[in-house]
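Some notes on the structure that comes next.
Here, each number is a calculation from the coordinates, and none is a lab measurement. All of these numbers come straight from a predicted model, not from anything done at the bench. Using ideal geometry, Cβ is built from the backbone for each residue, glycine included, and neighbour counts are taken over all protein chains shown.
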Amino acid sequence: MGAAAAYGYLYATMWPGAQVFGRTLVAPRRPGELALTFDDGPNPAWTPRLLDTLAAYDVRATFFMVGNFAQAEPELVRRVAAAGHLIGNHSWSHPNLAVTGAAKTDDELTRTKATLEQILGQPVRFFRPPFGARRPYALRTARRLGMTPVLWNAMTNDWANPSAERISAALTRKIDRNERRGWATTIVLHDGGHLGLGANREPSVTAVGMLLRRYAKTHRFVTLDAWA
């Protein structure tokens, strides 16, 4: 594989806006609309506090849950759904699906979908690949299972940043840039950590409150089914 071809493949597997391997949901041309999405939960330490923050502004969000964490915290999964939030599939163990074999990819998505649907008693219709990493087989598998693959157009390293102010400022710049260009924004933050339950997500949850204070009166917050 030549250098240009290798770069193109890497772009297609990792860049959130790339559509080379098939269409994914990023965000539509609906400026003024924002979709808050959260990855790597449920997290018994911080997901409940996040739910309280969202409830204070009467905002609904989309939670992409890791299957083995959902299995460990079924009551928390149900609490998220009961609050009106949308729940999506974020694989069973958070592998890099750009380099994961077909059999394991099938198991990661199928097992998580079955577990979430058993807990919720309703279909799970959205899937986000861990790290945003994918290849054609992973996207085909998600669609075969009745799920829309979802990526994003606003994310920062909130999982590693100790400053809520910096997290909020970085996302604000991206939201405002998307709006100037005529796009809605799909925001990614993390209420959990893929390495284990109980990750400290205080900066991320605090940043959510800052974003809501800034945008709740001027923008419409939606769950991803509004755009599917």
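Legend: helices of the chain (whole DSSP H runs) are marked when their alpha-carbon atoms reach 15 angstrom or more along the helix axis and their mean Kyte-Doolittle hydropathy is at least -1.0; marked are 3-14, 102-120, 202-215. Over all pairs of different C-alpha atoms, the stretch 137-182 has a mean inverse distance whose reciprocal, the Kirkwood radius, equals 12.9 Å. Computed from point charges on the beta carbon alone (+1 for Lys and Arg, -1 for Asp and Glu), the dipole magnitude for the chain about its Cα centre is near 800 Debye. The protection proxy used here, the mean number of other Cβ atoms lying within 10 Å of each residue, ranks peptides 203-209, 33-39 as follows, highest first: 33-39, 203-209. Taking only the C-alpha atoms of the stretch 94-158, Rg followed by Dmax gives 12.1, 33 Å.
Dividing the Cα convex hull volume of the chain by residue count, how many Å³ per residue is that? Working shown, then result.
Details: hull volume 26.7 nm³, N = 228.
Normalising the Cα hull of the chain by residue number yields 117 Å³.
Our summary gives the stretch 120-195 a relative contact order of 29 percent, counting only alpha carbon pairs under 8 angstrom and 6 or more residues apart.
Across 10 Å bins from the origin, how do the percents of Cα pairs in the stretch 25-83 run, short distances first? For the stretch 25-83, the pair-distance distribution reads 21, 49, 25, 5. Here the ratio of the Cα radius of gyration of the stretch 63-110 to 2.2 N^0.38 Å is 1.26. A viscosity of 1.002 mPa s and a temperature of 20 °C, combined with the Kirkwood radius over C-alpha pairs in the Stokes-Einstein formula, give the stretch 13-134 a diffusion coefficient of 142 µm²/s. Per-residue ellipticity at 222 nm, computed for the chain from helices alone with -39500 (n - 2.57) per DSSP H run of at least four residues, works out to -13000 deg cm²/dmol.
Normalising the average separation of contacting C-alpha pairs (under 8 angstrom, six or more residues apart) by the number of residues puts the relative contact order of the chain at 32 percent.
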